[in-house]
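The next block holds one structure in the form of structure tokens; read it before the comments.
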Amino acid sequence: MFYNRLNRRNLLAAAAMAALAGCAVVPKAPTPTPAPAPTQPESEIPTDTERHRVALLVPTTGPNAGVGQSLANAANMALLDTGAKNLRITTYDTGTNPGEAARRAIADGNKLILGPLLSDDIASVAAVARPAHVPLISFSNDEKAAGKDVFIIGNLPGQSIARTIGYARGKGVSTFAALVPKGDYGERVSSSLLASVRDAGGSVVAMETYDRSAASIASAASRIKAKSGYGALLIADSGSLSAKAAVSYRAAGGGAGVRLLGTELWGGERELATSPALNGAWFSTVSDVRFAQFAKSYRTRFGTAPFRIATLGYDSVLLTLRVARDWAPGKVFPATAMLDPGGFLGVDGPFRFGRNGLIERALEVRAVEGGAVKVISAAPSGFAK
């Protein structure tokens, strides 16, 4: 349940985003040099007595290096914008061996890990961090990966679907169908859709799966079009692939009167506004109210546009700074402070964590209309305690 204002004492300070000259990056962890036996290798990072050591575990090599560097840049930008002097954030590359990156981070004395990015890396990182009592704030969106001292800050598909379904039910839609990709994401979407529709008093009457290829998408769209009895169709994929599915579904006038729905993956996708087949579609995601200024500041510093997910790096640092008010350097990170029911405020709006480690966000509903994407139901400004 939402209410109209946040308890400001429980919010993160809204960080200034004024552009600073130069291009700074988060320092990477030094490559450790094996010490001669039997001497134990020591950290090459200077000992801090007044700053908290926080590790940023992201891929800076490999296929996801661009995303990882964008998260690292955004984390450093948060330090610059806030003028924080009490955190030392060091990046560790998870591109080849996330478990080893975690071992180095723990050996260097870090008391909190921001990351990893990929859900597949969480288990190996947590296996090292948990015995050392070092919590994770992962950028993944995998609900199943959350657990004791593993917090998920990524945008969750289930919450996006629940928000969209609730809005659709309020507009009189009661029957739903879905096109979902095969794999983990598709399975999570399917489960979330069934639960959300049931909780909202509606029914799911058809569902088709597909491989992420043009031919498979077109085939699944034809199969779902041949069925009837539903007022809305969820297409659970990126904007570009959803546009392909919508074109196949709308071919020859198919699906007349059926409202198309999307997921959080549609946020920031340019294909939405340029695809006539998606006109009239609804989807839910985080607000972009603060993102424009964030992106402008980021581009000024780093000379390129940020990945949309970069805000998670920024907000994770704001969250850490908020908790650091009651966190003594060198001590165990007070993970219980993450459970403040009043929530926190970041670039992507209000958020809070449940005891299950999952983030809860205030989401807005958008519509694709006339070659543009518009907000049709604003995100709530806070949470009920």
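The values are calculated or read from the model by the stated rules, or taken from the named source; none is laboratory data. Small disclaimer: the values here were computed from a predicted structure and weren't measured. Because the Cβ atoms are built from the backbone with ideal geometry, glycine has one as well, and the counts that use them run over all protein chains shown. Just the protein is used for accessible areas: all its heavy atoms, side chains included, with ligands, DNA and RNA removed. Shrake-Rupley method; radii C 1.70, N 1.55, O 1.52, S 1.80 Å.
For this structure, a couple of remarks:
- Selected residue [more than 19 Å from THR175 (Cβ to Cβ) and of a type outside the set (S, T, N, Q)] from GLY253, GLY231: GLY253
- Pair list, Cβ < 8 Å and 6+ apart or interchain, from the range 161-183 residues that are under 17 Å from SER284 (Cα atoms) and open to solvent by 10 Å² or more (accessible area, probe 1.4 Å) to residues that are small (Gly, Ala, Ser) and assigned to a strand (DSSP E or B): ARG163/SER284; TYR167/SER284; TYR167/SER377; VAL173/ALA232
Okay, residues lined up against (1) out of contact with any strand residue (DSSP E or B) (no Cβ under 8 Å at 6 or more places or on another chain); (2) over 28 Å from ASN279 (Cα atoms); (3) open to solvent by 20 Å² or more (accessible area, probe 1.4 Å):
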{"site": "TRP327", "(1), (2), (3)": "no, yes, no"}
{"site": "GLY349", "(1), (2), (3)": "no, no, no"}
{"site": "ARG355", "(1), (2), (3)": "yes, yes, yes"}
{"site": "ALA378", "(1), (2), (3)": "no, no, yes"}
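- Of the residues making up the range 271-290, at least one is acidic (Asp, Glu) and over 30 Å from ILE224 (Cα atoms).
- Residues located in the range 107-152, provided they are in a strand (DSSP E or B) and open to solvent by less than 10 Å² (accessible area, probe 1.4 Å): LEU112, ILE113, LEU114, LEU136, ILE137, SER138, VAL150, ILE152
- Remark: pairs (first residue in the range 237-258, of a type in the set (D, E, K, R); second residue open to solvent by less than 20 Å² (accessible area, probe 1.4 Å); Cβ separation under 6 Å; 6+ apart in sequence or on different chains) = ASP237/PRO181; LYS244/ILE217; ARG250/ALA277.
- Residue selected from the range 272-300 under the condition among the charged types (D, E, K, R) and surrounded by fewer than 16 Cβ atoms within 10 Å (Cβ to Cβ), by the criterion nearest to VAL368 (Cα to Cα): LYS296
Residues are listed down the side, and each one gets a yes or a no for (1) open to solvent by less than 30 Å² (accessible area, probe 1.4 Å); (2) touching a residue at least 60 places away in the same chain (Cβ under 8 Å); (3) not polar (S, T, N, Q):
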residue: ALA74; (1), (2), (3): yes, yes, yes
residue: ARG88; (1), (2), (3): no, no, yes
residue: THR94; (1), (2), (3): yes, no, no
residue: ALA102; (1), (2), (3): yes, no, yes
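- For beta carbons closer than 6 Å, sequence separation of 6+ or different chains, a first residue in the range 210-223 that is closer than 12 Å to ALA178 by Cβ and a second that is among the aromatic types (Phe, Trp, Tyr) and surrounded by 13 or more Cβ atoms within 10 Å (Cβ to Cβ), the qualifying pairs are ALA220/TYR210; ALA221/TYR249.
- Sole exception among (1) open to solvent by less than 10 Å² (accessible area, probe 1.4 Å); (2) within 17 Å of GLY158 (Cα to Cα); (3) hydrophobic (A, V, I, L, M, F, W, C) for ALA220, by number: (2)
- For ALA35, the stated conditions hold: it is open to solvent by less than 50 Å² (accessible area, probe 1.4 Å), modelled with pLDDT under 95, more than 30 Å from ARG325 (Cβ to Cβ) and hydrophobic (A, V, I, L, M, F, W, C).
- The residue that is most open to solvent (accessible area, probe 1.4 Å), counting only those in the range 185-215 that are in contact with a Pro (Cβ under 9 Å, 6 or more places away or on another chain) and among the hydroxyl-bearing types (Ser, Thr, Tyr), is THR209.
- Meets criteria (touching a strand residue (DSSP E or B) at 6+ places or on another chain (Cβ under 7 Å) and without any contact (Cβ under 8 Å) to a residue 40 or more places away in the chain) for GLY343: no
- Pairing residues of the range 368-385 that are basic (Lys, Arg) with residues that are open to solvent by 50 Å² or more (accessible area, probe 1.4 Å), at Cβ distances under 7 Å and at least 6 apart in sequence or on separate chains, gives LYS385/PRO341.
- Considering (1) surrounded by fewer than 20 Cβ atoms within 10 Å (Cβ to Cβ); (2) modelled with pLDDT under 95; (3) of a type outside the set (Gly, Ala, Ser), the lone condition that GLU360 does not fulfil carries the number (2).
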